[in-house]
Ligand code: AMP
């Protein structure tokens, strides 16, 4: 099978690497000459928006098309879908690209989210503040990632400052959730509607960027896992989804609220390469290629640390027993994800001792 991937970042790179043993050949489309997936598979240089010569070349090189980031223009995905199967379906992009559309969709399915309101004018902002109250979070509806384009409002002065900074584009005001922890669920669905789910993952963000994931998350009751899986099943079925979808949750007691959906493989699932029976990348390929899905059970415990800005000394990382280093082949740059390490262990509690070892910049 030949898989075309929109986007040539580290997620595309890890999908392509997972394809090699299966004989699945990937081609990425990306505007950057030096996109990091180009080091491991064929790269077509082109824009995602309206570059039909490049898109046509991708069609010629592929049997099925997928994507590694959620800001692919929906028009592009629809254009491609007239020519080849596109998985996940373009509707998933449409729903997930806009935080208000996404939360309204979840609400329509009975899946809990923080309280929210669409905000465009000052009047709507004031009304939303009065309704939702402080603390709250003001975010751009579109193109926000890794905590960019958002502000936490604790006081009326914060609200003024955030309005100054973010107004002028469509926004969402969300109630601030005093969560116990953040979890994610990675689910994979095939075209026949069969779904497998990985164990819940516990994620720790620093300044809006994922710093560490622990998997399987400790202290997850059967009821909590069932709740996450039931909601995910509803979401994937409604979208007629094929591929990996990640649900990011806030856990508050025995309650789960969705923070956001990612219609793609996810940073919090990198540990599945070494510590699950089948990695998220392989399972995504299996789903989009129409192959049977692989078992998603964890084979051991794992802690995954992102390297932001720079990679620590390689010998230092590899000196840690059961450490698996992934360098993305990107130049160092502040705030950029340039690699990660997954440390595996038979025992869970020891893993957080590495927090000091692999601190970010
Ligand atoms: P996001 O880009 O929406 O995933 O937000 C990045 C991070 O900001 C999340 O992982 C949370 O740690 C925090 N955050 C976002 N929205 C909220 C919220 N409504 N309540 C509390 N924390 C939030």
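The values are calculated or read from the model by the stated rules, or taken from the named source; none is laboratory data. Everything quoted here is computed from the prediction, not taken from an experiment. For neighbour counting, all protein chains shown are included, and Cβ atoms are generated from backbone atoms with ideal geometry for every residue, glycine included.
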>> Please determine whether any residue of region 157-172 is in contact with a strand residue (DSSP E or B) (Cβ under 6 Å, 6 or more places away or on another chain), farther than 25 Å from residue 69 by Cα and at pLDDT 95 or above.
In response: yes
>> Just checking, does region 145-156 include any residue being loosely packed, with under 14 Cβ neighbours inside 10 Å, within 17 Å of the chain's Cα centre (by Cα), within 30 Å of residue 271 (Cα to Cα) and more than 9 Å from the ligand (Cβ to nearest atom)?
In response: no
>> So, residue 10, is that one surrounded by fewer than 22 Cβ atoms within 10 Å (Cβ to Cβ), under 28 Å from residue 279 (Cα atoms) and under 20 Å from the mean Cα position of the chain (by Cα) or not?
In response: no
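Could you tell me whether region 86-99 includes any residue that is under 17 Å from residue 176 (Cβ atoms), buried (at least 17 other Cβ atoms within 10 Å of the Cβ) and within 16 Å of the ligand (Cβ to nearest atom)? Working first, answer last.
So the first thing to find is which residues in region 86-99 are under 17 Å from residue 176 (Cβ atoms), and the list is 99.
Subset that is buried (at least 17 other Cβ atoms within 10 Å of the Cβ): 99.
Of the ones still in play, those that are also within 16 Å of the ligand (Cβ to nearest atom) are 99.
So far as region 86-99 goes, yes, one or more of its residues are under 17 Å from residue 176 (Cβ atoms), buried (at least 17 other Cβ atoms within 10 Å of the Cβ) and within 16 Å of the ligand (Cβ to nearest atom).
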>> As an exercise: evaluate residue 102 against (1) within 13 Å of the ligand (Cβ to nearest atom); (2) closer than 22 Å to residue 246 by Cβ; (3) part of a strand (DSSP E or B) and give the number of the one condition it does not meet.
In response: (3)
>> Can you find, within region 129-144, the residue that is nearest to residue 98 (Cα to Cα) among those that are near the ligand (Cβ under 9 Å from one of its atoms) and assigned to a loop (DSSP other than H, G, I, E, B)?
In response: 144
> Cβ-Cβ below 6 Å, separation at least six or inter-chain, first residue in region 187-203 and within 25 Å of residue 306 (Cα to Cα) and at pLDDT 95 or above, second assigned to a loop (DSSP other than H, G, I, E, B) and within 16 Å of the ligand (Cβ to nearest atom): which pairs?
Replying inline: 200/217; 201/217; 202/217
> Can you pull out the residues in region 252-272 that are touching a strand residue (DSSP E or B) at 6+ places or on another chain (Cβ under 7 Å) and more than 12 Å from the ligand (Cβ to nearest atom)?
Replying inline: 256, 263, 264, 265, 269, 270, 271
> Can you name every residue in region 167-188 that is within 13 Å of the ligand (Cβ to nearest atom) and closer than 27 Å to residue 120 by Cβ?
Replying inline: 171, 172, 173, 174, 175, 176, 177
> Which ranges mark the helices (runs of 4 or more DSSP H) fully within region 1-91 that have 2 or more residues being touching a strand residue (DSSP E or B) at 6+ places or on another chain (Cβ under 7 Å) and over 24 Å from residue 282 (Cβ atoms)?
Replying inline: 52-60
>> I'd like the full set of residues that are within 17 Å of residue 276 (Cβ to Cβ), away from the ligand (no atom under 16 Å from the Cβ) and buried (at least 22 other Cβ atoms within 10 Å of the Cβ), limited to region 229-246.
In response: 232, 243, 244
> Among the residues of region 177-213 satisfying the criterion of being within 21 Å of the chain's Cα centre (by Cα) and farther than 30 Å from residue 237 by Cβ, which is surrounded by the fewest Cβ atoms within 10 Å (Cβ to Cβ)?
Replying inline: 207
